[in-house]
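The values are calculated or read from the model by the stated rules, or taken from the named source; none is laboratory data. On a predicted model such as this, the values are computed, not experimentally measured, just so you know. Neighbour counts are summed over all protein chains in view; Cβ atoms, including those assigned to glycine, are modelled from backbone coordinates with ideal geometry.
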Amino acid sequence: MGKPQRIELRTPDRLWATLDISDAGMVLRHDLEDVRVETCPGFIAYDNDCALHPMQGAPELFLNDSNGLVRLKVNTDEDGILTDVVDPRGKAHLAVELRGPGSIRDQPVQSGELVLTLKPMTCR
């Protein structure tokens, strides 16, 4: 793989966690307590200052830069959990979820968007 990589998992005003990637694997780093993991909002992944956009490709998730270049490929399970990512604290799974307005009844079709989030280990 070469040089280790760090992906920041952020909201506009806060760094929630990092994803450290090396030859040893993908490690989720955070200092969140259980209640913060349970109430985690969706966040954006950044490689340096470059926002990465999640794209689903079953059973994988791709994080692409604004030019469409794949920066990271991660395996997912049927619940959206990124199975290649390990939390050494044993508190959270890194996951992808579909969020957004969706479509209801006679309203125009609106697509949601994929976001990264944390789910408690106890959710499985």
| said: Consider the stretch 79-105. How many of its residues are at pLDDT below 90 and of a type in the set (A, V, I, L, M, F, W, C)? | reply: 2
| Among the listed residues Ala17, Ala58, which satisfies the condition of being under 20 Å from Lys119 (Cα atoms) and crowded, with 17+ Cβ neighbours inside 10 Å? | Ala17
| remark: In the stretch 30-46, anything free of Cβ contacts under 8 Å to residues at least 40 places away in the same chain and under 16 Å from the mean Cα position of the chain (by Cα) is listed as Arg36, Thr39, Tyr46
| Flag if Lys119 is modelled with pLDDT of 90 or more, among the charged types (D, E, K, R), in contact with a helix residue (DSSP H, G or I) (Cβ under 9 Å, 6 or more places away or on another chain) and assigned to a strand (DSSP E or B) | yes
| request: Go through the stretch 40-93 and give me each residue that's under 18 Å from Asp20 (Cβ atoms) and part of a loop (DSSP other than H, G, I, E, B). | output: Asn48, Asp49, Thr83, Asp84, Asp87, Pro88, Arg89, Gly90, Lys91
| Residue satisfying condition, being surrounded by fewer than 12 Cβ atoms within 10 Å (Cβ to Cβ), out of contact with any Gly (no Cβ under 9 Å at 6 or more places or on another chain) and either modelled with pLDDT of 90 or more or among the small types (Gly, Ala, Ser) (or both), within set Gly25, Gly42 | Gly25
